[in-house]
Structures are given as structure tokens and as C-alpha cells.
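See below for the structure under consideration.
The values are calculated or read from the model by the stated rules, or taken from the named source; none is laboratory data. If you're wondering where the values come from, they're calculated on a predicted model, not measured in any experiment. Don't worry about glycine lacking a Cβ; one is built from the backbone with ideal geometry, like all the others, and counts go over all protein chains shown.
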Ligand code: FAD
Ligand code: SIN
């Protein structure tokens, strides 16, 4: 059994930003399920949005763009917090050693969909990799932070594990730490903490086409929901309009929105631009609109993809801004300085998640959530491009200061029992896990994608129930494996997406349903479960 002041689950921008601050006050232990840098953060391409050019840009414009993209569902106070605190947090990333591209002494700001000004700081087309590198380097130098890689958090520990009944109505549920599977030994270890931060990222892998790496399995959201915490707005799944159409490749390779920010346009196979037929902002309309328009074009033409064309720009610009994309496309025989890029929407980002307040408190005491797994109210019904890294950096900081204040008042919980694996056996049927995973992903893509309906949602929930029952049965009988736990969490998240979607009797932002193709009047409500 280990005891730590601050326990962090996840080593992306959210977990690392928090850890670097909280380490000033106590010992921080970070658990991460694979290698430390294997995170969604590492794959971020476009950049991080903030007001860095006061001559042309302003907080008001960034706030307004975020609110417009969020389609009425953002929490204005949170938007103001993130936008106004953002530049200081980005300066800290720079002070930690993150490189962002410059033109002379000025940052090379680019644009993405829904932004009225150029405000995206980036490092070529591998911004996330650069941020993750700099943060991990800082962490490695900090004697108060330890990272345990290949440690998989299975469940958070609450009163439930002490034999006390908790329900979603219990208002004093507390988190005492986690049970974590040490992947090297196969043993489940008990880790007690005064404060726990859930920073487990998104859940893109509930879909069969996603830009997310395979680690994005919604673990934190599922753990907290099972522990009777609250989640919100899970129906708001952002499909990125332009993942590379390359059948058989999983996950899908992203073609950053910055390609459109630098002038790239969406075209059909005849080379005709089509976005103006859907929105006056054309290829740079917010993501929900662009993804839906591509979906409509594909349905009209019967094609599997559309095209993104940047070939009319100079090769020099392409190589300078998008060297990673250029190389990737070349590896499959496409020269993007000459050829159009075949693209298709893919699940990209979860706007909802664990319900938190303005300091990142979840509805469970001693448990905070940060980054993509959380729902702060910033994104509303549709996240503005490049606001995600920003949100994680801002909230990582806010939570650290709150947690450092709280930690002295908290004692470790005594009498926490060891993980009980009585009655479980080693499985020789792991393939069933893979089959069930594919079934969930296919079903979610078919019925709970960009365009939804009551009929499709009901059908999805019925089919999911079968898989859920089978998975729970299997989970009770077999020794833990990461794949099985991830399947269980993905099934839980898929169910939450469907149930939130069923609650929303309107079309708003990323949730579009043919049964209610309009927005309800009045103040929109969040879907809370
Ligand atoms: P992550 O970076 O995903 O980190 C999650 C961590 O939790 C990982 O270390 C993982 O191993 C760990 N973990 C998960 N479950 C467990 C468990 N059970 N036990 C132990 N550890 C666990 N956003 C932008 O703002 N700008 C961009 O340009 C941008 N581009 C993107 C491009 C791509 C291809 C993708 C996929 C996303 C992009 N995003 C972008 C979104 C952004 O990258 C993510 O939302 C953000 O990085 C999430 O950070 P995080 O720290 O919350 O989670
Ligand atoms: C991209 O580079 O297009 C992704 C940006 C984001 O998801 O915010």
C-alpha cells in the first residue's frame, strides 16, 4: 500500500500541469497506463488558442468566438476565466521550455475554424508533442513528483469499499485513493491519497473511426460514474471534419484544421468547393457545421470521403507549416503540394465529461477532474478549436492552488481493504473482449454518429445492453486485464452518450437529431446524469 498527498491519474497536459504546481506543497504520484508520453496531448496538431496579439485581438473576441461555437450551452463565467487566464498559462508553458513557431520576435499565430482572429500558437503541426516533451522534462527534474508507468487505475476507492452504501443522492461521497493494476506484476495495488486528480482524457475509442490514440477509453469518466459521481453533456461528441481517409488505418490520422486556416479548402471529387452552400464562413465554419456538411455531401454523392485541397499554396509554406502531414501523406503515395487530400470526419473530442465547478471539484469530495475527462462548461455544445489544451493548462493551475489549500485539512483513510479478486480466473477467451469492443464501436458509429434519431438511439441502447451484461459477467469472473477494464469503461461511456442524447429533445451544437431538427427556446439545459 502506498500513501501520497496528491495522486494524479494521467500524464497528459492536464495531469502534468497540475503536478508541477502541486509538487510545491507535497508528494505527487502520477499513474499512467502506458508510457508517460502516450496521451491525446502528444497528438495535438493545430495548437493552443489565446489572445497574444492585442493589436488585432481581444479577450472579448475570443470569449465571443467560444460562446458562438458552444451554441448557447457554454458557461459564460468559465469561458471568461479560461480566456483571460490563458495567456499567463501559455507563458508558463513557454517558461517550461515549450517552443512555439515565431516570425522574427513575434509568435506565428494561425487561425482555425470558428476563430475570428489569428490566435493559435503552434509548433509546426506537432504542437502537442512539443508541449508534452517540455512538461515531462520539467516533471523529470522535480524530486517531489514520481511517475509510475504501466499502472492502470481500475476503480476509485470510496465509502462503498468500506461496506457503506452510496447512491447518486449521497452527498458526502469521498475518494480515498484508487485500486491500480500494476501491469508488470498483474497485481492490483491500493494507493491511498489525500487528494486525487482524474486527468484520464477522452473516450474517442467508443467509435470505429477516431483521431484519438487507443488509450482514450473514457476510464476516468466511467470510474467516477460507477462511484456515483455526476457527469454532464456526454452527447456532445465532436467529430473532426478532416481525418485522413486511409481505409484500414486505426486510429485515423488527423489533418489539422490549421490547413484550412492557412487557406486549404474542402472540395468534392469534381474539385468543386461546397462549403459555401452550407455556411457563409465556408471551410472555416465551426467544426459541428463543417462535419455535418461533409456528412451531407457524402450522403448526396455516395462517396466515402471528400477532399481537402492546399496544393495551390507554395510547397515552401506547406513544408514549413505541415511537415508531419506532408510526410505522412507521402508515405501513402500522396504529395499534398500537388494532390488533394481525401478526408472524412472522425470522432475527435468529448465536450462533456465529469461535472466539475470552477475550481475543478467533482461531485465527489477529495476528487478533482481536469482536461478532456472533465466538463467545466467551457465548450458547451461544441468546442472551439484549440481551446482544449488551453482549458487543461488553466484548470491544472486553478485546481493545484485549490488542492494545496485543501490538503492540510485531510487525513488518509484507514482500514481500506485490499482489492478482492476472490472467485476470478485467468481468461482464455480474450478474443471475446475484442469482438465486443468492435461491436460497440460499429454500433456507435452507425447509430450515434453525426446525425441521430430517437429510433437509432433506442436501437443502440438495446444492443449496448447485451454487450454491457456480457462484459459485466465476464468482469466478475475473470482476473483483471487492461483490455477488459477498458472495454467495460467504453461500454459505460457509450451508454452515457446515448442516455444524454436521449435527454436532449432538440438539435444543438454537436447533437443533431432528425426528430427535433430545431433548438428549443429559453435557456438551454445541460444533460446531467
Ligand atoms: P490526455 O492527454 O489524453 O492524457 C490522458 C492520460 O491519462 C494518459 O496519460 C493516459 O495514459 C492516462 N490514463 C487514462 N486512463 C487511465 C487509467 N485507467 N489509468 C492510468 N492512466 C490512465 N486540442 C487543442 O487544444 N489543440 C489541438 O491542436 C488539438 N489537436 C488534437 C489532435 C488530435 C489528433 C487529438 C486526438 C486531439 C487534439 N486536441 C487538440 C485535443 C487535445 O489534445 C486533448 O483534449 C488534450 O490533450 C487532453 O489532455 P488530457 O491531459 O486531458 O488527456
Ligand atoms: C486540429 O489541429 O485541427 C485539432 C485542433 C483541436 O482539436 O483543437
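Structure summary
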{"item": "Residue tally, condition within 14 Å of ligand 2 (Cβ to nearest atom) and either assigned to a helix (DSSP H, G or I) or more than 27 Å from the chain's Cα centre (by Cα) (or both), over segment 256-293", "result": "10"}
{"item": "Residue ID - modelled with the lowest pLDDT, chosen from residues in segment 443-480 that are outside any helix (DSSP H, G or I) and in contact with a helix residue (DSSP H, G or I) (Cβ under 7 Å, 6 or more places away or on another chain)", "result": "478"}
{"item": "Whichever residue in segment 442-480 is over 29 Å from residue 344 (Cβ atoms) and in contact (Cβ under 8 Å) with a residue 60 or more places away in the chain and, among such residues, is surrounded by the most Cβ atoms within 10 Å (Cβ to Cβ)", "result": "480"}
{"item": "Per-region count, segment 283-318, residues surrounded by 14 or more Cβ atoms within 10 Å (Cβ to Cβ), out of contact with any strand residue (DSSP E or B) (no Cβ under 7 Å at 6 or more places or on another chain) and either modelled with pLDDT of 95 or more or closer than 27 Å to residue 101 by Cβ (or both)", "result": "8"}
{"item": "Conditions (1) assigned to a strand (DSSP E or B); (2) within 27 Å of residue 520 (Cβ to Cβ); number of the one not met by residue 368", "result": "(2)"}
{"item": "Qualifying residue in segment 380-389 (condition: more than 13 Å from ligand 1 (Cβ to nearest atom) and within 16 Å of residue 199 (Cβ to Cβ))", "result": "no"}
{"item": "Any hit, segment 251-259, residues being surrounded by fewer than 22 Cβ atoms within 10 Å (Cβ to Cβ) and either under 21 Å from residue 49 (Cα atoms) or touching a residue at least 24 places away in the same chain (Cβ under 8 Å) (or both)", "result": "yes"}
{"item": "Scope segment 430-440; condition within 25 Å of residue 187 (Cβ to Cβ) and without any contact (Cβ under 8 Å) to a residue 12 or more places away in the chain; matching residues", "result": "431"}
{"item": "Residue within segment 405-423 that is within 30 Å of residue 365 (Cα to Cα), touching a residue at least 60 places away in the same chain (Cβ under 8 Å), more than 16 Å from ligand 1 (Cβ to nearest atom) and part of a helix (DSSP H, G or I) present", "result": "yes"}
{"item": "Positions within segment 321-340 being under 14 Å from residue 261 (Cβ atoms) and not in a loop (DSSP other than H, G, I, E, B), in sequence order", "result": "321, 325"}
{"item": "Only one of 384, 350, 389 that is closer than 26 Å to residue 169 by Cβ, within 16 Å of ligand 2 (Cβ to nearest atom) and buried (at least 24 other Cβ atoms within 10 Å of the Cβ)", "result": "350"}
{"item": "Within segment 133-245, strands (runs of 3 or more DSSP E) holding 3 or more residues that are modelled with pLDDT of 95 or more and within 16 Å of ligand 2 (Cβ to nearest atom)", "result": "237-244"}
{"item": "Checking residue 402 against (1) free of Cβ contacts under 8 Å to residues at least 40 places away in the same chain; (2) over 20 Å from the mean Cα position of the chain (by Cα), the condition it does not meet", "result": "(1)"}
{"item": "Any pair with Cβ under 8 angstrom, 6 or more apart, that starts in segment 122-134 at a residue that is on the phi < 0 side of the Ramachandran plot and without any contact (Cβ under 8 Å) to a residue 60 or more places away in the chain and ends at one that is away from ligand 2 (no atom under 13 Å from the Cβ) and assigned to a helix (DSSP H, G or I)", "result": "134/93"}
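Results for (1) over 19 Å from the mean Cα position of the chain (by Cα); (2) at pLDDT 95 or above; (3) more than 18 Å from residue 396 (Cβ to Cβ); (4) within 16 Å of ligand 2 (Cβ to nearest atom), shown as yes or no for each residue.
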site	(1), (2), (3), (4)
27	yes, yes, no, no
38	no, yes, yes, no
51	yes, yes, yes, no
54	yes, no, yes, no
58	yes, yes, yes, no
64	yes, yes, yes, no
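One line per residue, one yes/no per condition, for (1) closer than 26 Å to residue 494 by Cβ; (2) touching a residue at least 12 places away in the same chain (Cβ under 8 Å):
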site	(1), (2)
152	yes, yes
169	yes, no
184	no, yes
198	yes, yes
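To keep it simple, each residue is scored yes or no on (1) over 21 Å from residue 66 (Cβ atoms); (2) in contact (Cβ under 8 Å) with a residue 12 or more places away in the chain.
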site	(1), (2)
299	yes, no
302	yes, no
316	yes, no
322	yes, yes
350	no, yes
382	no, yes
390	no, yes
